[in-house]
Amino acid sequence: MTAQAPTVHVPRRAFPWGKLAAWIALGILLVVTLFPFYWMLRTALTFPTSIYKDTSSLLPVDATLINFKRVLGMLPVQQLVELGGTGQSINFFLALRNSIIVSVLMVIGQVAFCAMAAYAFARLRFPFRNQIFAIYIAAMMVPGIVMTIPNFIFIRNLGWIDTFQGIVAPAFLMTPFAIFFLRQFFLGVNREVEEAALIDGASIPTVFFKVVLPMTIPAVTTLGVIVFIGSWNNYMWPLIVANKETVRVLTVALGVFRSQTPQGAPDWSGLMAATTLSIIPTFILFLFAGRKILDSIQFSGFK
Amino acid sequence: MTVQSTATPPLGAAKKRNFRSQEATVGLLFILPSLIGFVIFYAIPAVRGIFISLSDWDLLTPAEFVGLANYSKLLKDPTFWNSLKVTFYYVLLNIPVQTILALVIAVMMSRLTKSIIIRAIIILPWLMPSVVVGLLWLWLMDPTIGIINEALRALGLGTVPFLNLPKTAMPSIALINIWQYVGYTALLVFAGLQAIPGSVYEAAQIDGASEGQMFWKVTIPLLRPVLVFVLVTSVIGSFQIFDTVAITTKGGPINATKVLNFYIYEQAFTRFNMGYATAISMVLFLILIFVSIIQMRLMRAGESDM
């Protein structure tokens, strides 16, 4: 604890009003942060046609799991219409599968290729190393939209519209952030271990794959989690290149679902069931890798 | 970088040269995939974008070179100027509130608790897809049955149409994004606070500094590098807002939230004016370069601090 408040010498009986106020403020912050999530769940568990009933009830109205069933396409069309939907079931199962395919592909490609590049930038001497790295970093400043339109045209020329490779391609081989992130970790690896392996006659690739990579598994995993969540959350690019239902990812499917307004208003209970389902993978990852993500936030703040 | 100069004193010159060439070969091989990805999806598109912005192209007929016509069209396009204005308005609403709130939260947390659970909760909205956050707040802010308006009516404050009125739409979008990003920003600042040694405060205290003085004279100056980083990244991010707008208001009502990125998207992918859309994206690029230059100045100003 380094940034702790200095102990102020106040008479002992004085009640710490300041501290109490700060705790109350922190409590309010937590409520403001968590309440929307609770409300999402509450709405998802509310019976579809009861959504207009008892609108300020803190508990689900006529609690039911039916919304989850219908967004997963587990109910027949006729029942969907009776429940006030369009009858057109949003095939959430498919979207969930597509998002998993896209995000897993992204993690594999980006982590593998960026780890190699990051190690080269951190340790190996080759021509134009610093210049290339500087250009990568500068590219982080360029707004995404500048590349988006030409990339769309390129993907279209390849015939990759409405394909998984079209969604994944632009970030599969590298993102400047991933290289930057891993390079920082490789720079921190103890050099003596690598040198010992080299003296023993190991080649550089062997040193990287057999010595350095095993030592930096936590950092590489953290990057994997960050890449997965980033890809899971991505909206604009998949919206542009993949709108066909067979390859449509969750975020895009949610946008389509939102635009279907069967009775003039969005199908709120269905939408909230869909959003609840769509954030479960992130929650699970966060449960396991939360501390690492939090640490990496601290870390990314400095250089 | 001296992998072998310290490691291999007994090696002969020939062996050394051998190692050097292995190092260069492996290095280039290792960065090759990333270089291919960079050239194809960053470098070429950026250059190609310049050419596209000089042409008239609807994707169906071949592109036609029109010189600077798209740029002169842009100067006379009231919707473009509106988008520019609306984007700046958003940044000006978003950044000060978010940064100050984050600073307050970070200071509060560093005084009260280091609890990992509290930090985890605070970061949660940032991990969510902005599409989900947008949908969720669209529901919370619903004028007729949304819970926020239920609460406002219960308090006798009447109904606020949040996203449905030109006047309130942009502040509502800013509010949504502040909710999503303030925790993340606060944790960045919090990390900066943790890095300030406690002895600095002790010294200030011995000199008789008050709490307020310590905050303004010790905390803020030592925090400046972190604050600059936070400001720079969030300003650049804010200029590129898209998801929340696309999900909630779709640029409306009456273009009140038609930010640059959304206008570009609309021009390119619903009207297929590829050239014009790209020209606007170049303007956004120029704005961000300008912002980045200001940022570099600030960073340099921050160098002396710690």
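The values are calculated or read from the model by the stated rules, or taken from the named source; none is laboratory data. Not measured: the values here are computed from a predicted model. For neighbour counting, all protein chains shown are included, and Cβ atoms are generated from backbone atoms with ideal geometry for every residue, glycine included.
Remarks
- B:Phe262 passes every criterion in (1) within 11 Å of another protein chain (Cβ to nearest Cβ); (2) modelled with pLDDT under 95 apart from (2).
- Of the set (1) surrounded by fewer than 18 Cβ atoms within 10 Å (Cβ to Cβ); (2) within 7 Å of another protein chain (Cβ to nearest Cβ), all apply to A:Tyr136 but (1).
- Wholly enclosed helices (runs of 4 or more DSSP H) of the stretch A:144-260 bearing at least 1 residues among the small types (Gly, Ala, Ser), under 30 Å from A:Asn130 (Cβ atoms) and in contact with a Cys (Cβ under 6 Å, 6 or more places away or on another chain): A:176-187
- Hits in the stretch B:139-159 (condition: assigned to a loop (DSSP other than H, G, I, E, B), on the phi < 0 side of the Ramachandran plot and more than 9 Å from chain A (Cβ to nearest Cβ)): B:Met141, B:Pro143, B:Leu155, B:Leu157, B:Thr159
- Scanning the stretch B:172-205 for residues that are of a type in the set (Val, Ile, Thr) and within 19 Å of the chain's Cα centre (by Cα) yields B:Ile173, B:Ile176, B:Ile178, B:Val182, B:Thr185, B:Val189.
- Matching residues, the stretch B:225-249, being within 9 Å of another protein chain (Cβ to nearest Cβ) and either aliphatic (A, V, I, L, M) or outside any helix (DSSP H, G or I) (or both): B:Val226, B:Val230, B:Ile236, B:Gln240, B:Phe242, B:Ala246, B:Ile247
- Residue in the stretch A:274-290 that is farthest from A:Thr43 (Cα to Cα), counting only those that are β-branched (Val, Ile, Thr) and surrounded by 21 or more Cβ atoms within 10 Å (Cβ to Cβ): A:Ile279
- Residue satisfying all of: in the stretch A:240-268; at pLDDT 85 or above and loosely packed, with under 14 Cβ neighbours inside 10 Å; farthest from A:Ile149 (Cα to Cα) among these: A:Thr246
- Residues being more than 18 Å from the chain's Cα centre (by Cα) and touching a residue at least 40 places away in the same chain (Cβ under 8 Å) - total across the stretch B:235-257: 8
- Residues within the stretch A:103-117 that are touching a Phe, Trp or Tyr at 6+ places or on another chain (Cβ under 6 Å) and more than 7 Å from chain B (Cβ to nearest Cβ), tallied: 3
- Considering B:Ser55, B:Ser21, the condition of being over 31 Å from the mean Cα position of the chain (by Cα) and small (Gly, Ala, Ser) is satisfied by B:Ser21 alone.
- Listed by first and then second residue, the pairs linking a residue in the stretch A:115-143 that is under 12 Å from B:Tyr42 (Cα atoms) to a residue that is outside any helix (DSSP H, G or I) and not small (Gly, Ala, Ser), with Cβ atoms under 6 Å apart and 6 or more places separating them unless they lie on different chains, are A:Pro143/B:Gln240.
- Qualifying position, being in contact (Cβ under 8 Å) with a residue 12 or more places away in the chain and under 30 Å from A:Leu239 (Cβ atoms), among B:Leu193, B:Leu188: B:Leu188
- Some residue of the stretch B:112-133 being modelled with pLDDT of 95 or more and more than 7 Å from chain A (Cβ to nearest Cβ): yes
- Members of the stretch B:196-234 that are free of Cβ contacts under 8 Å to residues at least 40 places away in the same chain and basic (Lys, Arg): B:Lys217
- For the stretch A:167-189, the set of residues classified as more than 19 Å from the chain's Cα centre (by Cα) and touching a residue at least 24 places away in the same chain (Cβ under 8 Å) consists of A:Arg183, A:Gln184, A:Phe185, A:Phe186, A:Leu187, A:Val189, listed by residue number.
- Subset of the stretch A:121-138 (residues that are assigned to a loop (DSSP other than H, G, I, E, B) and touching an Asp or Glu at 6+ places or on another chain (Cβ under 8 Å)): A:Leu124, A:Arg125, A:Phe126
- Positions within the stretch B:34-68 being farther than 30 Å from A:Met116 by Cα, free of Cβ contacts under 8 Å to residues at least 24 places away in the same chain and part of a helix (DSSP H, G or I), in sequence order: B:Phe51
- Selection within the stretch B:152-205 - under 22 Å from B:Thr248 (Cβ atoms), among the small types (Gly, Ala, Ser) and surrounded by 17 or more Cβ atoms within 10 Å (Cβ to Cβ): B:Ala169, B:Ser172, B:Ala174, B:Gly183
- Here the condition is being more than 10 Å from chain B (Cβ to nearest Cβ) and out of contact with any Ser or Thr (no Cβ under 9 Å at 6 or more places or on another chain); of A:Glu194, A:Glu245, it holds for A:Glu245 alone.
- For the residues B:Ile289, B:Ile247, B:Ile241, B:Ile264, the requirement of being surrounded by fewer than 20 Cβ atoms within 10 Å (Cβ to Cβ) and among the hydrophobic types (A, V, I, L, M, F, W, C) singles out B:Ile289.
- B:Ser83 being closer than 30 Å to A:Lys53 by Cα, under 21 Å from the mean Cα position of the chain (by Cα) and among the hydroxyl-bearing types (Ser, Thr, Tyr): no
- Of the candidates B:Val26, B:Val86, the single residue that is in a helix (DSSP H, G or I), of a type outside the set (Gly, Ala, Ser), touching a residue at least 40 places away in the same chain (Cβ under 8 Å) and surrounded by 19 or more Cβ atoms within 10 Å (Cβ to Cβ) is B:Val86.
- Among (1) more than 23 Å from B:Ala246 (Cβ to Cβ); (2) among the basic types (Lys, Arg); (3) assigned by TED's automatic domain parsing to the domain that holds B:Gln194, the one test that B:Lys73 misses: (3)
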